[in-house]
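One structure is given here, and the rest of the page talks about it.
The values are calculated or read from the model by the stated rules, or taken from the named source; none is laboratory data. Since we're looking at a predicted model, the values are computed, not measured. Cβ: placed from backbone, ideal geometry, glycine included. Neighbour counts: every protein chain shown.
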Amino acid sequence: MSTDRNIVVIGGGPAGVWAAIGAKQQDPAAAVVLLTEEHCEPYEKPPLSKAVLLGKRVPGDALIAGPGGLAGHGVVLELLAQCAAVDRSARAVTTMDGRRFPYDALVIATGATVRDVPQLPPGMPRVHYLRTEGQARALQADLQACRHLLVIGGGLIGLEVAASAAELGVKVTVLEMLPRILARVCDDETAAAVFAEHQRHDVDIRVGTGLADAAPQRDGRIAVTTTAGEGIAADLIVVGTGAKPDDRLAAAAGLAVDDGIVADEYCRTSDPAIFAAGDVVRFPGPHGPVRQENWRHAQDQGSVAGHNAAGAAETYAAVPSFWSEQYDLYIQGTGWRTSNPAARVRRPLPGKSMLMFEIAEGRLVYAMGINAQRDLAIARRLIERKTPVDIAALAEPEQPLAAMLKAK
Ligand SMILES: Cc1cc2nc3c(=O)[nH]c(=O)nc-3n(C[C@H](O)[C@H](O)[C@H](O)COP(=O)(O)OP(=O)(O)OC[C@H]3O[C@@H](n4cnc5c(N)ncnc54)[C@H](O)[C@@H]3O)c2cc1C
C-alpha cells in the first residue's frame with residue numbers, strides 16, 4: 001500500500017541510516033528525511049579507532065548507505081540539522097537554525113555521547129575524545145608528533161586506540177579503574193589474552209588505577225597524577241571511558257526515558273508516532289530492559305524501527321554481537337550474557353585463537369572468541385535458533401559446530 005506519509009529520522013549513525021532506508025523500502029511512496037547535525041553524509045565509525053589511526057583509511061570514507069549515499073535509496077539528507085525540539089502535539093521537529101520538519105512518524109536515533117571526565121575540563125588542550133570523523137582527524141594529526149599517549153579507560157575503544165598508537169611506535173599507558181580490562185564485555189580469560197597482547201607490544205596497562213589530576217605544562221605536555229599517586233608526563237590524552245545515551249531530545253519532548261529512550265519490542269516509544277533505535281534505546285531483552293552499544297544492534301534495530309514507522313509491525317529480537325580489532329586479534333562476542341550460566345566451556349584452538357561458550361538450560365546463550373570468525377557465525381545461529389547443544393561436543397575441537405545446527 002502506498003501513502004504520502006512524512007517520515008523523519010533524527011541521527012546520522014547506523015541506526016538512523018538503516019531506519020531511513022528501511023522506511024523507504026517498506027513504503028516507497030513515503031517522503032523520508034534524515035536529519036544529521038554533522039556536515040557530511042553519514043559514515044561508519046568503527047574504522048575511526050583502527051584503520052584510520054593507522055593511516056590505512058581516510059576518516060569518513062565508508063558511507064553507511066553505500067557508495068550512492070542516502071540519495072541512492074530515495075532518502076533526503078539534511079546536513080547541519082541539529083534538532084532542537086520535537087513538538088509532539090504539532091508533530092514537527094525543529095532544528096537549531098529554525099528549519100521545521102513535519103512528520104507522521106518520527107524515528108529518534110541520536111546515539112550515545114562520551115562520558116565527561118571531571119579532571120579534564122572541556123577545552124583542555126591535547127585531550128581527545130573519539131566519536132566523529134573530525135575527532136579522528138584531529139587525533140590522527142596529533143599522534144604524528146606524540147611520544148607518550150595516555151589512554152583513560154581499558155574498554156574496547158580505549159584499547160583499540162592504544163593498539164593503533166602502539167603500532168605507530170608511540171609509547172602508550174592505559175589507566176583502568178576496575179581490577180581488569182574489558183570488564184563490561186569479556187570473560188576473564190579472553191580479557192587476559194588481550195592484556196597479554198598489549199604487554200607484548202609494550203603497552204603499559206595499569207588496572208585498579210584511575211586519573212586523579214591532570215595539569216597542562218608549559219612544554220605542551222600534560223602532567224598527570226594517578227589515583228595510585230604515580231606521575232605521568234603525557235603528550236596526549238585519549239578519553240575512552242564509555243558512552244551514555246543521548247536521550248536529551250526525547251526527554252525534553254516528554255517521552256519516557258530511563259538511561260535511554262524506553263521503547264517496546266516494536267521500537268515504539270511512549271508516543272505511538274515516535275520510534276527509537278540504536279545506542280540511545282532501552283528495549284525489552286530476554287532478561288529485562290537493556291541497552292546495547294554496538295554497530296550490528298544499531299543497524300538491525302534501525303531497520304525494524306524504519307519498517308514500523310512506515311506501517312509494518314515487526315518485533316526486534318536480534319541476537320546482539322560486537323567485534324573489536326586490536327593488533328592481529330579479531331575479538332567477537334555474540335548472544336546474551338547471564339550472570340550465572342549453567343556451564344562455561346572453552347574449545348581449545350591453535351595459536352592466538354580462543355573460543356568460549358556459555359550454556360543455560362541446554363542451549364548456547366553466549367559465545368566469545370578471538371580469531372574465530374567462522375565459529376562465532378555458527379554460534380550466533382545456534383543461539384538464534386535456540387538449538388540444544390552437547391556441552392562435551394562444544395569443548396571438542398574435532399566436533400564441527402556446523403553439525404550442531406542440525407540437532408533437533
Ligand atoms: C570510534 C568508534 C569505534 C567503534 N567500533 C566498533 C566496533 O568495532 N564494533 C562495534 O560493534 N561497534 C563499534 N562502535 C560502536 C558503534 O559504532 C555504535 O554502536 C553505533 O555507531 C551506534 O549507532 P547509533 O546510530 O545508535 O548512534 P551513533 O552512531 O552515535 O549516531 C547518532 C547520530 O545522531 C546524531 N545526533 C545526536 N543528537 C542529534 C540532534 N539533536 N540532531 C541531529 N543529530 C543528532 C549524532 O551526531 C550522531 O551522528 C564504535 C564506535 C566508535 C565511536
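Odds and ends about this structure:
- Annotation for region 326-337: at least one member residue is modelled with pLDDT under 95 and either within 16 Å of the ligand (Cβ to nearest atom) or over 22 Å from Glu197 (Cα atoms) (or both).
- Flag if Val107 is among the hydrophobic types (A, V, I, L, M, F, W, C), buried (at least 21 other Cβ atoms within 10 Å of the Cβ) and within 11 Å of the ligand (Cβ to nearest atom): yes
- Per the listing Arg282, Arg346, the residue uniquely more than 22 Å from the chain's Cα centre (by Cα) and over 30 Å from Leu168 (Cα atoms) is Arg346.
- Qualifying residue in region 154-165 (condition: within 12 Å of the ligand (Cβ to nearest atom), in a loop (DSSP other than H, G, I, E, B) and hydroxyl-bearing (Ser, Thr, Tyr)): no
- Qualifying residue in region 302-318 (condition: in the same structural domain as Ala85 (by TED's automatic domain parsing) and near the ligand (Cβ under 8 Å from one of its atoms)): yes
- On the stretch given as region 165-210, residues that are surrounded by fewer than 16 Cβ atoms within 10 Å (Cβ to Cβ), touching a Gly at 6+ places or on another chain (Cβ under 7 Å) and closer than 19 Å to Ala367 by Cβ total 1.
- Any hit, region 113-121, residues being away from the ligand (no atom under 12 Å from the Cβ), crowded, with 16+ Cβ neighbours inside 10 Å, closer than 30 Å to Phe322 by Cβ and under 21 Å from the mean Cα position of the chain (by Cα): yes
- Test: residue in region 265-277 that is within 21 Å of Arg184 (Cα to Cα), more than 8 Å from the ligand (Cβ to nearest atom) and touching a residue at least 24 places away in the same chain (Cβ under 8 Å): no
- In this entry, Glu293 passes the filter for residues that are part of a loop (DSSP other than H, G, I, E, B), near the ligand (Cβ under 8 Å from one of its atoms) and closer than 24 Å to Val185 by Cβ.
- The residue list Ala30, Ala90 contains one member that is closer than 16 Å to Ala273 by Cα, buried (at least 18 other Cβ atoms within 10 Å of the Cβ) and in the same structural domain as Asn294 (by TED's automatic domain parsing), which is Ala30.
- Ala193 outside the structural domain of Ala367 (by TED's automatic domain parsing), outside any loop (DSSP other than H, G, I, E, B), modelled with pLDDT of 95 or more and out of contact with any helix residue (DSSP H, G or I) (no Cβ under 7 Å at 6 or more places or on another chain): yes
- Residue, farthest from Gln217 (Cα to Cα), within region 127-146, restricted to residues that are assigned to a loop (DSSP other than H, G, I, E, B) and away from the ligand (no atom under 13 Å from the Cβ): Gln144
- Here the helices (runs of 4 or more DSSP H) wholly within region 308-408 that include at least 2 residues being surrounded by 17 or more Cβ atoms within 10 Å (Cβ to Cβ) and without any contact (Cβ under 8 Å) to a residue 60 or more places away in the chain are 373-385, 401-404.
Listed here are the residues, each with its yes/no results for (1) free of Cβ contacts under 8 Å to residues at least 24 places away in the same chain; (2) not hydrophobic (A, V, I, L, M, F, W, C).
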| residue | (1), (2) |
| --- | --- |
| Ile205 | no, no |
| Thr209 | no, yes |
| Ala212 | no, no |
| Arg218 | yes, yes |
| Ile232 | no, no |
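- Test: residue in region 208-228 that is under 27 Å from the mean Cα position of the chain (by Cα) and farther than 30 Å from Thr110 by Cβ: yes
- All strands (runs of 3 or more DSSP E) inside region 225-281 with 2 or more residues being closer than 22 Å to Asn6 by Cα: 274-276
- Meets criteria (part of a helix (DSSP H, G or I) and either crowded, with 23+ Cβ neighbours inside 10 Å or under 16 Å from the mean Cα position of the chain (by Cα) (or both)) for Gln299: yes
- For beta carbons closer than 9 Å, sequence separation of 6+ or different chains, a first residue in region 41-65 that is without any contact (Cβ under 8 Å) to a residue 40 or more places away in the chain and over 14 Å from Val161 (Cβ atoms) and a second that is near the ligand (Cβ under 9 Å from one of its atoms) and among the polar types (S, T, N, Q), the qualifying pairs are Pro42/Thr36.
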